[in-house]
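Student: One structure coming up, written as structure tokens, with questions to follow.
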Amino acid sequence: MKLLALASLLAAFSAQAQQTLEATGRWQHQPVGHAMTPPMGWSSWNAFRVDITEKKVMDSAQVIVDSGLAAAGYRSINIDDGWWLKRRTSDGRLLVRTGLFPSAHVGAGKDSSLRPFTDRIHAMGLKAGIYTDIGRNACSQAYDADSPNLPEGTHAEREVGLMGFMKQDVALFFGEWNFDYLKVDGCGLSSYGRDRPHVASGQYREYKPTIVEGSINQSDIEGTKKLYAGLKQALHEVRPRGDYTLSVCLWGTVNVRSWGQDYGSMWRTSRDIWKGFAQMVHNFDTVATREFYAGPGRWNDPDMLEIGNGDFGDSHLLEARTHMGLWAIMAAPLMIGTDLSKASPAVIDILKAPEVVAINQDPAGHQGVLAYADSDRQIVVKTLADGRKAVLLFNRTGAPAKFTLTAEHLKMDATTPIALRDAWARADAGSFTGKREFELQAREALLFTATGKHVLPKGYFVSERPGSVYVARDGIRALEQDPVVYRALASWSTTDNGGTRPAYAGWGGPRADSTPYDQALSVQRQAFRHGIGVLADSRLQVQVTPGSQRFTAKVGVDDSTRGKTAGVSFEVWGDGRKLANTAPLKFNQAARELSADLRGVKLIELIARQHGADTAGPVVVTWGEARIE
Ligand code: GLA
């Protein structure tokens, strides 16, 4: 009893510690699993939905090996929804649909087992993934009701999700069956309300939704986190060494874009992708402004690839390259979603493109940052471990478009030549000084690596290395939906309603080279192209590169602030000691220079502390030109 009380006290304390404004002096991100670079592999879902068989999975796995995709890094072979027969009620054991997965039939009178499957996959030098749901029921049971492959039996037998069976199922998946990767969906929490036909008809038990898509205020964020915390604990018990990948699949709901990094190796930031170009752009947008939430061991997941399918199939290789380039520059997980037994060499070459994959898998794990954006064109820059930059130019429109790439986009010196290398052609693409013009075809994305002289003689801007930042506290008080995500019509929806609304919370989170509300950084009319925009009452942790000497920034309340009366003081802490701070600064006061000695410091914490309430709204602050030298 006493132990329990202590454990829950500790849990409450650590949850609080995570959000406190006060410096903790230690890097707070604890990786879940061991995905130090974006996970790569193949999943059955986009190719087959619930219509899967062991043969289909093995055929694609064989192509993964034979085509060189495995050697390129695609190693995880993931079974998605559709593998289960039922939960045996006498002991809660999950049974496999052996008609579809014959190797799971391990002998008369014996329990079905996916161990022969994982053994075969492992023997091929690959890893194996499986799928479940955090609630009682899975997505297919709500959305693929006509499939003959759904779980069978009584209500209880068809409740194949983790709820009530967390430890047992996780032990089965990672212990007995020896899987390496688990995707955990959330339909059990969202899609079994009593108004749903499959519940109203009595087919499934009601589960009052705790995730309400489109309504952040009606969704139970803390309750959902608690369930995933239980999952994390169960995983830790079976795999204490952390040798697994956990994919959290909550489609960008319940503010998971902010907390997913603490509960999974990767977390979906958007609804399901499908093989339409506009949908792919929507999914891309849901990660594009979340650069400070990803890094080694934690990845924003805009969903699995559609390369090889529909708008990204053989007659659309330009679009396929665009999709691949976008996922690469965003350090997104690369999960192939096509039937590889039917994929053309051209499609396989796009998936395999070594210099494109290398950009995605760069060990520094920085996500690309928007260096230019309008509704039609984007320029994204990703810092690579060796100091080069990857840069992607993206024409979102259906017509050719002109681009100017500048040295400033790359944070490189405008008077020194910058050498470009085409990541697709694997060839040098000339060099330029200052700027260079491009004309892109409709829907095209160009992808280069760039080598030049950094604009800072030594050192870097913090906004260039988002993977070394942990958002310990974002300063957001009231959750709001992010309006900048392109609102493509989903394949399954029609226009017979009021429209596709902004859907994902996280609006107001910190941004690289932008304010949290997508404005240019500016303090008392002094503009900053480089810097961090964040709300007051925030704390950002920044890992410092060894050998660094000094942190400097020009700080103040941003001109775009909503709250214009409260003062904000800025503090820099190093390994838990206060190194520098300002007096409270207010709207329309000039930016102050803040400087701190970093010798011997491993971790700095940037705290913007608000003094007093501001009834007009959040106070937006700017760490202009925040840099480490
Ligand atoms: C959800 C997920 C998909 C897929 C299906 C399976 O829609 O987002 O990726 O796993 O469920 O039913």
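Student: Applying the Karplus parametrisation 6.51 cos²θ - 1.76 cosθ + 1.60 with θ = phi - 60° to the phi angles of the range 41-53, what ³J(HN,Hα) value in whole Hz is obtained for each residue in order, glycine and proline being reported as x?
Tutor: After applying 6.51 cos²θ - 1.76 cosθ + 1.60, I find x, 9, 10, 6, 5, 4, 7, 10, 6, 7, 7, 10, 9 Hz.
Student: On the protein heavy atoms, probe 1.4 angstrom, tell me the percent of accessible surface of the chain carried by carbon and sulfur.
Tutor: Carbon plus sulfur share of accessible area: 51 percent.
Student: If you don't mind, there's one more thing I want to ask. Could you compute how much accessible surface Lys55 exposes when probed at 1.4 Å, giving the result in Å² to the nearest 10?
Tutor: 140
Student: Further question on the same structure: Go through the cysteines of the chain and tell me which have no other cysteine Cβ under 4.7 Å away.
Tutor: Taking the Cβ cut-off of 4.7 Å, the unpaired cysteines of the chain are Cys249.
Student: Taking amide H positions as placed in the peptide plane 1.01 Å from N, state which residues far from Leu579 in sequence (5 or more) or on other chains have amide H under 5 Å from it.
Tutor: Val572, Trp573, Gly574
Student: Still on this model: Residue by residue, what Karplus-based ³J(HN,Hα) values in Hz, rounded to whole numbers, does the range 523-538 have, using 6.51, -1.76 and 1.60 with θ = phi - 60° and x for Gly and Pro?
Tutor: Once rounded to whole Hz, the list reads 10, 6, 6, 8, 8, 10, 6, 10, x, 10, x, 7, 7, 5, 6, 10.
Student: Further question: Near the amide H of Gln481, under 5 Å away, which other amide H atoms are found, from residues 5 or more places off or on another chain, if H is placed in the peptide plane?
Tutor: Those lying under 5 Å, H to H, from Gln481: there are none.
Student: Here's a follow-up. Taking a probe of 1.4 Å, how large is the accessible area per residue of the range 42-362, in Å²?
Tutor: 32
Student: For the chain, what proportion of DSSP beta bridges, expressed in % and rounded to the nearest 5, is antiparallel?
Tutor: Antiparallel bridges make up about 80 percent of those DSSP assigns within the chain.
Student: Just tell me which lysines come within less than 29 Å, Cα to Cα, of Lys382; anything on the same chain fewer than 8 places away is out.
Tutor: Hits, sequence-local ones excluded: Lys127, Lys183, Lys275, Lys352, Lys402, Lys411, Lys435, Lys453, Lys458, Lys554, Lys602.
Student: If the only charges are +1 at each Lys and Arg Cβ and -1 at each Asp and Glu Cβ, what is the size of the charge dipole of the chain around the Cα centre, to the nearest 20 debye?
Tutor: Roughly 1340 debye for the chain.
Student: Also, I was wondering about something else. Using a 1.4 angstrom probe on the protein heavy atoms only, line up Tyr143, Tyr74 by accessible area, largest first.
Tutor: Correct descending sequence by accessible area is Tyr143, Tyr74.
Student: Can I ask one more? Quick one: accessible surface of Phe551, probe radius 1.4 Å, all protein chains present, in square angstrom to the nearest 10.
Tutor: 0
Student: Just the number please: accessible area per residue for the range 370-451, 1.4 Å probe, all protein chains included, in Å².
Tutor: 42
Student: List the residues, sorted by chain then number, that are 5 or more residues from Asp133 or on another chain and whose placed amide H is less than 5 Å from its amide H.
Tutor: Under 5 Å from the amide H of Asp133 lie the amide H atoms of Leu162, Asp185, each far enough along the sequence or on another chain.
Student: Rounded to the nearest whole Å², what accessible area per residue is found for the range 481-619 with the 1.4 Å probe?
Tutor: Result: 43 Å² of accessible area for each residue.
Student: If you line up the long axis of helix 277-288 against the longest principal axis of the chain, both from Cα atoms, how many degrees apart are they, to the nearest 10?
Tutor: With rounding to tens, the tilt is 60 degrees.
Student: Turning to a different aspect of this structure: What list of ³J(HN,Hα) values in whole Hz, one per residue of the range 296-304 in order, does the Karplus curve 6.51 cos²θ - 1.76 cosθ + 1.60 (θ = phi - 60°) give from phi, with Gly and Pro shown as x?
Tutor: x, x, 8, 10, 5, 10, x, 4, 6
Student: Provide the solvent-accessible area of Cys187, counting protein heavy atoms only and rolling a 1.4 Å probe, rounded to the nearest 10 Å².
Tutor: Estimated to the nearest 10 Å², Cys187 gives 10 Å².
The values are calculated or read from the model by the stated rules, or taken from the named source; none is laboratory data. Remember, predicted model here, so these are calculated numbers, not experimental data. Cβ coordinates were reconstructed from backbone atoms using ideal geometry, including for glycine residues, and neighbour counts include every protein chain displayed. With ligands, DNA and RNA removed, areas are computed over all heavy atoms of the protein, side chains included. Shrake-Rupley method; radii C 1.70, N 1.55, O 1.52, S 1.80 Å.
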